[in-house]
Amino acid sequence: MTQPTTREVSGTVLAALADAIRAAAAFDKNDQVAPAVVLWPDEERGWIDLLPKLREVMPELLTLGVFDAATKTGPSIWVKTMLGRGEDGAALHPLASWPKGATPVLYMPGISRQHIRAIEECPRDLKPLCELQFRGAMWTQVSGKDWTPRAFLQSSDGGLGLNLAGDSATLGAMRQSLEKLADVPLVQLQGRPLDAGDFHELLAPDPSRTVLEWLSDAAAFRVRAGAGWAAFRTVCKDKFGFDPEKMDATKAGQLLAERQGPWSGVWSRFEESPTLYPGVRDVLRRSKPAGGDSLFGSGLSVYPQDNEAGEGELRTELLGVGKLSEAAARAKVLELEPRHAPRRSLVWAKLGEAPLATALWHLSEMARLAAVGLGGADRDHAAALYAESGWRVDDAAIQALASAKSAADLTAVGAAVRAVYGPWLEKAAENFQKLVAAKPLPSAGERRAPDDDAGTCIVFADGLRMDLGQRLAAELAKRGLTVSVTWQWSTVPTVTATAKPAASPMVSKLSTSTRSDDFVPQLTDGLKNLTSERFRSALRELDVDVLGAGEHGKQGESRAWVEVGTIDHRGHGEGVRLASMLGDEVRLVADRVADLVAAGWTTVRVVTDHGWLLLPGGLPKVTLPKYLVETNWRRCASVKENASPECQQHGWHWNPTISIALAPGISCFREGAEYAHGGLSVQEMVTPVVTVTTGGNGPAAQSKASVASIVWNQLTGRVQVAGAGGAAVDLRTEAADPKTTLLDSEKPRPIDANGQAKIYARDEAEGLAAEVVVLDADGNVIARRRTRVGME
């Protein structure tokens, strides 16, 4: 007779426990007989506190112990009489009054399975029960061990599969609250980590949270509260000044929106985790008094319809910005920002319901930065200015577009971006093209090949523009890595076929005197076009390992080449919608870099082939007669011999005798392209080189310290530091930035002689992802470990 290893559970913890015990009596009717009893050993007596509740739902439950008829408890001999049946199957004992067909369950506190397995060694008073192990079934874990409360809650093999923290505080709190826990619906426990704080709340319920649960679904709450409804009414009357029996939920919603006195705490709790109380939004919507303050009245309204009205108003305003001149558009965006900025502090913004207010911050940054043109005395100066700060205009435009969540919002934000960013982009491109005309860009013969030592892994990310390179560097720094950003030229034209080989170690393998189709260079050996396979083969000939997805190569012994990301592919396919995908793309590259560093590479260098232009509504189109060119792409074309198109020309990177026609300004040779590259602009030509280095003589390299463990008891964390060199511990959202500390004291906590430190997180930090960092005596980060505040 076997018990199931997986089971769909519903209802309360108590109901699930009863179901699991009864499931142990399952048998195959084709070749087995029903078990006489289900034996439930519990050597640790961990389930004692639940027996009264279990007896209410399991009339077939018997207990081994001192005789007590009321609880169906008795010694071994008595148990045997309770199990006796006549020839007709009827119970012989009057107390054996459980439903027909139910298999009796014998709970055995203080007794393990081993006590009754070996009959010769079995205590005398238990020997009458030994034979039941052959006629009955055991409710034990698959391993044969007793089911403890903790094991039952955690195990996904016959238990509930809940996510419990493993610290002693959680175990103790769980044991103390077991009786209360039994009545908790499983849906409230599933899908999230549970720690001591969750179980403590069962013993001392949070009034603010309870009020929110009632507001979210008053009818269901009352049914769930049962006998506790009276206690809830008392708390509401004493603490919050209303009686849920007599007051409509909309009036309570009004008190919540006013946030006065104790209701301020209720609102704060709602702001912390609004998704836990989905019905509160509707209550607030119905609670707004007629003629109440609007969004821009005497105070900031928290009613959802006012936020929606604010979003609608801003959408209309941004569409209007698209019809203004450059200067007027900048001024209008800057005027809108202080009017709508307060809405970003509301809970609706946290829920993603104020996307335009969020986009407006980035739009205002774009407008402020775009007020100054991107100059430069020559092409190198212009590139340096762009790499230093000019990229921030691009970043603000992209971040604004990424904030839009609907097609209507993207249209509105796109109108503002086009009105403000478009002219700035055009002027910057025209200026850069004049500077390049005066001093052409270096060709392959004038450019030094990359000189990377063994132990360097080159990560190639197609289309990693400078603003994304800076974003990547910031993400890697957050992860505690040592990062630097420099820049290098792309090629003419700024297309992958030409520029990718130039960013690789294989420059010496390519010809600089041949002509090729579609801007593809040729190998010196055999004058064959450079295909993907030939590219990889040429790298291997130079002792550069070409790594596939998930591969780490020979760290420290060679050089390696890795390709990651789909930025350029997505840009051509998605146009302006690319903006919303770039966050994931940057994280993808960062994950691969971090993985390579963890595998042992001492230097990881991220390079790219080219940048790109992106403009909502499409780049302006110019016409280039087809008869003048051999190959015509979005912003570049290969000019036929002796032809003279009326646009700027520049020599091809791999053979300057071949002339490349380049679209003027930010224009495009094709209609309606929102995303394009191939031309001359700092966005396309000035590419980032992001270098991550490890080892060396830095504090982290010299230190042997590490964070061995983190144990949370609500907002108090105990950190165990292993190794030497650590002086203090901090809790930060960004490992390298002490200003992002989440400690209540705002100062690092000292490490004692045993390598331990106790940290106290601020209330608002609960549940946040953070870094526990170990600092040396000079405040340098020498070790770090990810954690979720209060949940590990």
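The values are calculated or read from the model by the stated rules, or taken from the named source; none is laboratory data. In this text the structure is predicted, and so the values were computed from the model without any measurement. In this analysis, Cβ positions are derived from the backbone assuming ideal geometry, glycine residues included, and neighbour counts consider all displayed protein chains. The area values use the complete protein model at the heavy-atom level, side chains included, leaving out ligands, DNA and RNA. Shrake-Rupley method; radii C 1.70, N 1.55, O 1.52, S 1.80 Å.
Before moving on, here are some points about what is shown:
- Cα point-scatterer Debye curve for region 605-737, base-10 log of I(q)/I(0) at q = 0.15 Å⁻¹: -0.79
- When the listed pairs LYS127/LYS180; LYS53/LYS246; LYS500/LYS528; LYS239/LYS747; LYS251/LYS405 are checked against a 26 Å cut-off, the alpha-carbon distance exceeds it for LYS127/LYS180; LYS53/LYS246; LYS239/LYS747; LYS251/LYS405.
- Packing rank of 637-645, 716-724, where each peptide gets the mean count of other beta carbons within 10 Å, highest leading: 716-724, 637-645
- For region 152-197, alpha-carbon Rg over 2.2 N^0.38 Å: 1.07
- Of ALA70, THR687, PHE535, farthest towards positive along the dipole that unit charges on Lys, Arg, Asp, Glu beta carbons give the chain: ALA70
- Share of Cα-Cα pairs in region 264-389 lying beyond 23 Å, as whole percent: 47
- Database remark: amide H of ASN713 closer than 5 angstrom to the amide H of ARG718 (H placed geometrically; neighbours at sequence offset of 5 or more, or on other chains; Pro and chain starts carry no H).
- The distance separating the Cα centre of region 487-566 from that of region 396-442 comes to 30 Å.
- Surface accessible to a 1.4 Å probe, per residue, for the residues of region 464-551, Å²: 42
- Heavy-atom accessible surface of region 310-358: percent carbon and sulfur, 1.4 Å: 58
- When the solvent-accessible area of region 394-516 is split by element, carbon and sulfur atoms take up 50 percent of it, the probe being 1.4 Å.
- Stretched out straight at 0.36 nm per residue, the stretch from ILE48 to GLU388 would grow longer than its current Cα-Cα span by 115.5 nm.
- R0 of 51 Å, Cβ-Cβ distance LEU768-TYR627: FRET efficiency to nearest 0.05: 0.20
- Hz values of 3J(HN,Hα) by residue in region 733-744 - Karplus curve (6.51, -1.76, 1.60), Gly and Pro given as x: 7, 10, 3, 7, 10, x, 6, 9, 4, 10, 6, 4
- Selection from ALA783, GLY158, VAL333 lying farthest towards where the dipole of the chain points positive, charges on Cβ: VAL333
- Evaluated on region 388-542, the Kirkwood hydrodynamic radius is 18.7 Å, with distances taken between all distinct Cα atoms.
- Paramagnetic reach from ALA118 (point 7 Å along Cα→Cβ, amide N under 20 Å) across region 138-160: 144-146
- Normalised size of region 463-555, defined as Cα radius of gyration per 2.2 N^0.38 Å with N residues, equals 1.30.
- As a fraction of the 1.4 Å probe accessible area of region 521-604, surface on carbon and sulfur atoms comes out at 45 percent.
- Farthest toward positive dipole pole in region 131-223 [+1 Lys/Arg, -1 Asp/Glu at C-beta], among GLN188, THR148, PRO207: THR148
- Karplus-derived 3J(HN,Hα) values for region 719-725, using 6.51 cos²θ - 1.76 cosθ + 1.60 with θ = phi - 60°, are 10, 9, 9, 9, x, 9, x Hz; glycine and proline are entered as x.
- For region 243-385: accessible area per residue (Å², 1.4 Å): 45
- Where only DSSP H runs of four or more residues are counted, the chain gives -10500 deg cm²/dmol as its mean residue ellipticity at 222 nm, each run worth -39500 (n - 2.57).
- DSSP bridge orientation in the chain - percent antiparallel, rounded to nearest 5: 65
- Inter-label distance, ASP206 to ARG135: 5.3 nm, where each label sits 7 Å from its Cα along the C-beta direction.
- Kirkwood Rh and Cα Rg combined as Rg/Rh, region 317-437: 1.04
- Nearest-0.05 FRET efficiency for ASP31 and ARG788, computed from C-beta distance (R0 35 Å): 0.10
- For the chain, the calculated P(r), taken from all Cα-Cα distances in 20 Å bins from zero up to the bin holding the longest distance, is 13, 32, 31, 18, 6, 0 percent.
- Simple label model, 7 Å out from Cα along Cβ direction - ARG344 to GLN154, nm: 4.3
- Inter-label distance, ALA23 to ALA474: 4.9 nm, where each label sits 7 Å from its Cα along the C-beta direction.
- Contour excess over end-to-end distance, with Cα ends at PHE67 and THR733 and 0.36 nm allotted per residue: 233.8 nm
- Considered as an equivalent ellipsoid built on the Cα gyration tensor, region 740-792 has semi-axes of 19, 12, 11 Å, the largest given first.
- Span-like helix ranges in the chain, DSSP H, alpha carbon extent 24 angstrom or more, Kyte mean at least -1.0: 304-321, 407-438, 582-599
- P(r) histogram, all alpha-carbon pairs of region 24-133 included - 10 Å bins from 0, percent: 13, 46, 34, 6
- Segment LEU126-ALA454, extension gain: residue separation times 0.36 nm, minus the distance between their alpha carbons: 110.9 nm
- FRET E, pair ALA230, SER168, Förster distance 41 Å, beta-carbon r, rounded to 0.05: 0.70
- Residues whose amide H comes within less than 5 Å of that of GLU674, counting only those at least five positions distant or on another chain, are LEU619 (H built at 1.01 Å from N in the peptide plane).
- When you count the other C-beta atoms within 10 angstrom of each residue and take the mean per peptide, 147-158, 271-282 line up highest first as 147-158, 271-282.
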